[in-house]
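The values are calculated or read from the model by the stated rules, or taken from the named source; none is laboratory data. Remember, predicted model here, so these are calculated numbers, not experimental data. All Cβ positions, even for glycine, are placed from backbone atoms using ideal geometry, and neighbour counts span all protein chains on display.
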Amino acid sequence: MNAKILANGILRAVAILVSVALFLYFLYGIQSVLIYLVSALILTLIGNPILDFFKRRLKFKHIFATIATLLLFLLTIAGILMLFVPLIISQGENLSLLNTSEIEKNSIELIGKISVFLENHNIDSAKMLKEFNITSKLNFDFIPNLLNTIVNTVSSFGMGLASVLFITFFFLKDKALFIEGVKKLIQEHKNGK
């Protein structure tokens, strides 16, 4: 092999690897959009029979059948959430009553009492506490951080749900356009264009 062919092959391989890496990075960057689209497609597949029921049996116009289908989805989601809301509220109230500084102070007092007990039984508690370093590991400040994380997760879920329902609305509303577009793509692929 001559050096020019070898160099071209290496450059082509590097270009392909860089292209694949950029494509994967692009997919990673838009992963939330892809998740929204896949979720919307799944809801559309679930909603199509409901949409057809509203159109054929109840004689709804297409746009009203689409809105009724989305309202049915919203009511189902709200019903599921309402099962958990009372539990979450009661647990939130219980967590808000926690006094983390008092718990930390009581824990340190308990460790002190344990060390007195151990010293009364001729066990070197200072050495044990120093080895385990228990007092520095006691930190109950994670509870507010946990609550903030939960609130952020709920708000992200709400935004995602709104996005998915918005996309689903248009998938259901323009179902015929999507089907026609997919048929054209499949036909062009079969014809080798």
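Below are the figures for this structure:
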item: Conditions (1) over 21 Å from Gly47 (Cα atoms); (2) loosely packed, with under 10 Cβ neighbours inside 10 Å; number of the one not met by Ser155; result: (2)
item: Residue, modelled with the highest pLDDT, within region 16-38, restricted to residues that are among the small types (Gly, Ala, Ser) and within 30 Å of Leu165 (Cα to Cα); result: Gly29
item: Index of the failed condition, Ile89 passing every other in (1) in contact with a helix residue (DSSP H, G or I) (Cβ under 6 Å, 6 or more places away or on another chain); (2) loosely packed, with under 13 Cβ neighbours inside 10 Å; (3) among the β-branched types (Val, Ile, Thr); result: (1)
item: Count - residues of region 96-135 that are among the charged types (D, E, K, R) and modelled with pLDDT of 75 or more; result: 6
item: Conditions (1) surrounded by 10 or more Cβ atoms within 10 Å (Cβ to Cβ); (2) without any contact (Cβ under 8 Å) to a residue 12 or more places away in the chain: number failed by Leu83; result: (1)
item: Residues (polar (S, T, N, Q) and either over 13 Å from Leu70 (Cβ atoms) or loosely packed, with under 12 Cβ neighbours inside 10 Å (or both)) located in region 36-60; result: Ser39
item: Of residues in region 143-155 being modelled with pLDDT of 70 or more and hydrophobic (A, V, I, L, M, F, W, C), the one farthest from Gln91 (Cα to Cα); result: Val154
